[in-house]
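Here is the structure we will look at.
The values are calculated or read from the model by the stated rules, or taken from the named source; none is laboratory data. Being a predicted model, the structure only gives us computed values, none of them experimental. Reconstructed Cβ throughout: ideal geometry from the backbone, glycine too, with neighbour counts over all protein chains shown.
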Amino acid sequence: MVASEGIRAVCRVQCSRLRRSLERTLRAGGYDLDRAEIDSDIDVLFIDQDSRKKLGEEELATMMAPGGSVIILGESLEDDEIAKLLQRDGLNHLISEHQAPDEAELLVTTVKLASGDIFGVEKYLPWGAKVHEREITGYQDKSQTISEVVANAKKLGARMAVLARIEQVVDELLMNAMYDAPATRHGRTTAEQMQSVRDGKCDDVHLRYGCDGRYLVLSASDGFGELRKNDIFEHFERARRERTPRQEAGRGAGLGLHIVLSSVTRFIANIDPGVKTEVVCVFDLMQSGRTVESCAKSVHVFEGKRAA
């Protein structure tokens, strides 16, 4: 059992190496550790595949406090069962690596859950890494920003397969922020919103990015907060079943999110409902075309309010 400022966190993992990694991470995040059996009112649960299957979905749900979060370790988004499971309330986090997970990622995730301070691309970059920011007011800004990000990634040594993914993902993220989010808010079709942007400009759309030498981290944000977790995973699951998935009218970001999840190393959605959405994507610039992933290795959805 782990406790920090009233937060009840529990680790249910079979691998001793993973358990030690979690203990180090949680101590670094300011948690006080104690060993005990806790099976109710859990705020944060770390669980691996074996423990999850032993518990079952219903028992897992009864263990969690209202608003609690489950972090699934050692399973893959390529597994259809996991894509369905992530649509359940509270199951908002997946980290595929479990033998030697990135402790920085674990630390950021636990601190964000404990503090409620969920926004900011800086959380996924080391101190000192320069963060570039661009306000997107229309199509020309969008095109110039995509070219800028790709050019910077190329200078950093990214291979062509990764550059193509970066270009496509930035385009999809900005399309969602510029067109899909306001269309959903105002009850318009995406085509109507695109015409609205041509007639004027889009508001409160920003792209931010930085790099630590290996990982390119970028985010696109909008001032609507219309994205929902099930928008992400329902469309992803359906797109895996259908050869040519349909784009539904009225809910915006469908097929595009499937493309994003299939192109990045890590995917993070930070949502303050009705106020702000920020989607953060991480790319491993050292990957080649042969080693690039077919699905994100980790996925996180944080829902809460911006820190004051």
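Values computed for the structure shown
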{"quantity": "Residues satisfying the stated conditions in region 88-98, i.e. surrounded by 15 or more Cβ atoms within 10 Å (Cβ to Cβ) and out of contact with any Pro (no Cβ under 8 Å at 6 or more places or on another chain)", "calculated": "R88, G90, L91, N92, H93, L94, S96, H98"}
{"quantity": "The lone exception for Q247 - which of (1) at pLDDT 65 or above; (2) touching a Gly at 6+ places or on another chain (Cβ under 6 Å) it fails", "calculated": "(1)"}
{"quantity": "Any hit, region 173-192, residues being modelled with pLDDT of 95 or more, under 25 Å from V150 (Cα atoms) and in a strand (DSSP E or B)", "calculated": "no"}
{"quantity": "Some residue of region 66-79 being more than 15 Å from the chain's Cα centre (by Cα), in contact (Cβ under 8 Å) with a residue 40 or more places away in the chain, surrounded by fewer than 19 Cβ atoms within 10 Å (Cβ to Cβ) and in a loop (DSSP other than H, G, I, E, B)", "calculated": "yes"}
{"quantity": "Conditions (1) loosely packed, with under 15 Cβ neighbours inside 10 Å; (2) modelled with pLDDT of 85 or more; (3) under 16 Å from T109 (Cα atoms); number of the one not met by L45", "calculated": "(1)"}
{"quantity": "Hey, L94 within 23 Å of L261 (Cβ to Cβ), among the aliphatic types (A, V, I, L, M) and either modelled with pLDDT under 85 or assigned to a loop (DSSP other than H, G, I, E, B) (or both) or not", "calculated": "no"}
{"quantity": "Residues of region 193-232 classified as among the hydrophobic types (A, V, I, L, M, F, W, C), in a helix (DSSP H, G or I) and surrounded by 21 or more Cβ atoms within 10 Å (Cβ to Cβ), total", "calculated": "1"}
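To keep it simple, each residue is scored yes or no on (1) crowded, with 22+ Cβ neighbours inside 10 Å; (2) assigned to a helix (DSSP H, G or I); (3) over 16 Å from the mean Cα position of the chain (by Cα); (4) modelled with pLDDT under 95.
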| site | (1), (2), (3), (4) |
| --- | --- |
| A100 | no, no, yes, yes |
| T110 | yes, yes, no, yes |
| E122 | no, yes, no, no |
| R134 | no, no, yes, no |
| E148 | no, yes, yes, no |
